[in-house]
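Peer 1: Below: one structure in structure tokens.
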Amino acid sequence: MKQNFIGALCAVAVMGGAFAQTPKKPAAKPAAKMAPAPMVEEKDAATLEFEKFRAEMEESNPAELFEMKGEEQWKTKRGPKNVSLAESCDLGQGVGKVEGAYVKMPRYFADADAVMDAERRIVWCMVEKQGFKFDEIAAKPFANANFTPDITNLVTYVAGHSRNMKIAVPLKDPKVREAYETGKAMAAYRAGPYDFSCNTCHGSDGKRIRMQNLPNLSTAAGAMKGVQGWPGYRMTGGVMLTHQWRMGDCFRQQRFPQPKYASDAIAYLLTYMIGNANGQVYKGPGIKR
Amino acid sequence: MTKKIILAASMAATLMIALPAVAEGDYRAKAIATFNKDFQARGQASIDRLAEDGLQLICNRTGNKPPEYIAKQMEADQLADVKYPADGKMLGDWKAGEKLAQSGRGFTWSDKPGLPVGGNCYNCHRISPNETSFGTIGPTLYQFGKLRGNTPDIQKYVYSKIYNAKAHNLCSEMPRFGRVGALGEKQIKDLVALLLDPASPVNK
């Protein structure tokens, strides 16, 4: 049953035309064709269909599979130092504590002297506490059709333990504030062959690229759309992906070079975006178009 | 040419003096330092793409709202730079234009380098009524020719707008397709035809 849903979801997923479509994946849009010329406020056919599927899938959220794997990896002794993250990794709430940690990041970690989002922090623990090599993790950080990196499971596990909690990025901490302001300036920075910045596509309300709605990340409601459902089981391609991946793919569409994995650059942008969503309820890892 | 550069440079200098209290000054510097530190070249997306050119710098520094006198002068510079077709004909084949308007390919790190690239037009504009999957970052261009006419002046305007959108609106969100070499003369002519040719579905 679940397999069928996932298959159907994948089929729906190809509808929206990507901004930077590659020849390999032409943007088919059969359902979109049937839709009337949409008004900005109206939900297009693709959105309605997606919401229907999501409702049907609520009972069997595919993210939970990844959470379960992540839990096992969190609790198992691993890496050259043969320690578990549960006995060594502090996500800001005390060693091994995952409850509510995801919604309180990015935050400043004195031991690393850096502002870190959840994924960056877990990578840091894997390197510093378990002895894994950063370059090896960073070489293949995102899922594809045949492969899901451990880090994706771990992030999904940690995120799952903030389900139905309020976003609370500690913006009063001066280091976090600085990261927020820097991220804000980065989001406004136009460069590259097309003069794009994040704000070109995500800087005002009610905009779309083809049929894809573009949340306005400078508003509380828009920022929450950019946070909700991540890490997410993405119907396009049928893989589990994290916020780090989303940031990278948007820089690709922006025609920028590639941001380094788990870097300050991504942490600052996430601080800005997640900080703007403060006070709103995070529903846990989910499904993304 | 040199004169223009000097002018632009001195305007940029004036601007910085004229707006000393730009509050985000420090964060902008930190943002740029972070871009330079934390990005790597991939495919055709080289590191030099992170640097601002003169126009991007003015738009970034002023939150896309440059003072009128600077905007007018720099728009004029951009317009002077537009290369119109040697044969003076602006109208190409609207069918080829429609294909080009559909494609969003080009310039990302996952695209093969080289031309031709897509126009991306439907990502931001409603154009032909037959295409209902369109973006809304730009205004609708449906019935553009019907509403604005198909005079030589309008043809020239549309050609130059596609060649360099910033010649008419300095901090426009629309790329400078001709200026950056994304679209050549033939492609721009075809797109002008898509918008203006009375036979194009846009104007039916």
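Peer 1: Checking the conditions here, which among A:Ala138, A:Ala145, A:Ala191, A:Ala168 is open to solvent by less than 20 Å² (accessible area, probe 1.4 Å) and in contact (Cβ under 8 Å) with a residue 60 or more places away in the chain?
Peer 2: Among A:Ala138, A:Ala145, A:Ala191, A:Ala168, only A:Ala191 is open to solvent by less than 20 Å² (accessible area, probe 1.4 Å) and in contact (Cβ under 8 Å) with a residue 60 or more places away in the chain.
Peer 1: If you don't mind, there's one more thing I want to ask. Check A:Val176, A:Val239 and return the single one that is open to solvent by less than 30 Å² (accessible area, probe 1.4 Å), of a type in the set (Val, Ile, Thr) and within 14 Å of chain B (Cβ to nearest Cβ).
Peer 2: After applying the criteria, what remains is A:Val176.
Peer 1: Among the candidates B:Gly88, B:Gly104, single out the residue that is within 12 Å of another protein chain (Cβ to nearest Cβ) and either open to solvent by 20 Å² or more (accessible area, probe 1.4 Å) or in contact with a helix residue (DSSP H, G or I) (Cβ under 6 Å, 6 or more places away or on another chain) (or both).
Peer 2: B:Gly104
Peer 1: Could you list all residues from the range B:57-83 that are touching a helix residue (DSSP H, G or I) at 6+ places or on another chain (Cβ under 9 Å) and among the acidic types (Asp, Glu)?
Peer 2: B:Glu75, B:Asp77, B:Asp81
Peer 1: Between a first residue in the range A:263-281 that is touching a residue at least 60 places away in the same chain (Cβ under 8 Å) and more than 10 Å from every other protein chain (Cβ to nearest Cβ) and a second residue that is open to solvent by 30 Å² or more (accessible area, probe 1.4 Å) and among the charged types (D, E, K, R), which pairs have beta carbons less than 7 Å apart while being 6 or more apart in sequence or on different chains?
Peer 2: That search, which allows pairs on different chains as well, returns A:Tyr272/A:Lys184; A:Gly279/A:Lys166; A:Gln280/A:Lys166; A:Val281/A:Lys166.
Peer 1: If you go through the range A:208-229 one residue at a time, how many are buried (at least 22 other Cβ atoms within 10 Å of the Cβ) and either within 14 Å of another protein chain (Cβ to nearest Cβ) or in a strand (DSSP E or B) (or both)?
Peer 2: Qualifying residue count for the region: 4.
Peer 1: Could you list, in sequence order, all residues of the range B:128-146 that are surrounded by 21 or more Cβ atoms within 10 Å (Cβ to Cβ), within 12 Å of chain A (Cβ to nearest Cβ) and over 15 Å from A:Gln212 (Cα atoms)?
Peer 2: Residue satisfying the conditions is B:Ser128 alone.
Peer 1: If you don't mind, another one. Taking the range B:107-116 as the region of interest, how many residues are under 17 Å from the mean Cα position of the chain (by Cα) and modelled with pLDDT of 95 or more?
Peer 2: Qualifying residue count, the range B:107-116: 2.
Peer 1: If you scan the range A:188-207, which residues turn out to be within 9 Å of another protein chain (Cβ to nearest Cβ) and not in a loop (DSSP other than H, G, I, E, B)?
Peer 2: First, the residues of the range A:188-207 that are within 9 Å of another protein chain (Cβ to nearest Cβ): A:188-197, A:199-201, A:203-204, A:206-207.
Once the filter is applied, which keeps residues that are within 9 Å of another protein chain (Cβ to nearest Cβ) and not in a loop (DSSP other than H, G, I, E, B), the range A:188-207 yields A:Ala188, A:Ala191, A:Phe196, A:Asn199, A:Thr200, A:Cys201, A:Lys207.
Peer 1: In the range A:254-268, what count of residues is obtained for those that are among the hydrophobic types (A, V, I, L, M, F, W, C), out of contact with any Leu (no Cβ under 9 Å at 6 or more places or on another chain) and under 22 Å from B:Pro113 (Cα atoms)?
Peer 2: Counting residues in the range A:254-268 that are among the hydrophobic types (A, V, I, L, M, F, W, C), out of contact with any Leu (no Cβ under 9 Å at 6 or more places or on another chain) and under 22 Å from B:Pro113 (Cα atoms) gives 0.
Peer 1: Considering (1) of a type in the set (D, E, K, R); (2) open to solvent by 30 Å² or more (accessible area, probe 1.4 Å); (3) farther than 24 Å from B:Ala76 by Cα; (4) away from chain A (no Cβ under 11 Å), say which one B:Asp153 fails and leave the rest.
Peer 2: (3)
Peer 1: While we're here: Tell me which of these B:Asp153 doesn't satisfy, since it passes every other one: (1) part of a loop (DSSP other than H, G, I, E, B); (2) free of Cβ contacts under 8 Å to residues at least 12 places away in the same chain; (3) not hydroxyl-bearing (Ser, Thr, Tyr).
Peer 2: Checking B:Asp153 against (1) part of a loop (DSSP other than H, G, I, E, B); (2) free of Cβ contacts under 8 Å to residues at least 12 places away in the same chain; (3) not hydroxyl-bearing (Ser, Thr, Tyr), the one that fails is (1).
Peer 1: While we're here: Of the numbered conditions (1) over 26 Å from B:Lys65 (Cα atoms); (2) open to solvent by 40 Å² or more (accessible area, probe 1.4 Å), A:Asn199 fails exactly one; give the number of that condition.
Peer 2: Result: A:Asn199 fails condition (1) only.
Peer 1: State all residues of the range A:240-262 that are within 17 Å of A:Pro141 (Cα to Cα), in contact (Cβ under 8 Å) with a residue 60 or more places away in the chain and over 14 Å from the mean Cα position of the chain (by Cα); if no residue qualifies, say none.
Peer 2: Once the filter is applied, which keeps residues that are within 17 Å of A:Pro141 (Cα to Cα), in contact (Cβ under 8 Å) with a residue 60 or more places away in the chain and over 14 Å from the mean Cα position of the chain (by Cα), the range A:240-262 yields A:Arg252, A:Lys260.
The values are calculated or read from the model by the stated rules, or taken from the named source; none is laboratory data. Bear in mind that the values here come from a model prediction, so they are computed numbers and not experimental data. For neighbour counting, all protein chains shown are included, and Cβ atoms are generated from backbone atoms with ideal geometry for every residue, glycine included. Accessible surface is based on the protein model in full, side chains and every heavy atom, while ligands, DNA and RNA are left aside. Shrake-Rupley method; radii C 1.70, N 1.55, O 1.52, S 1.80 Å.
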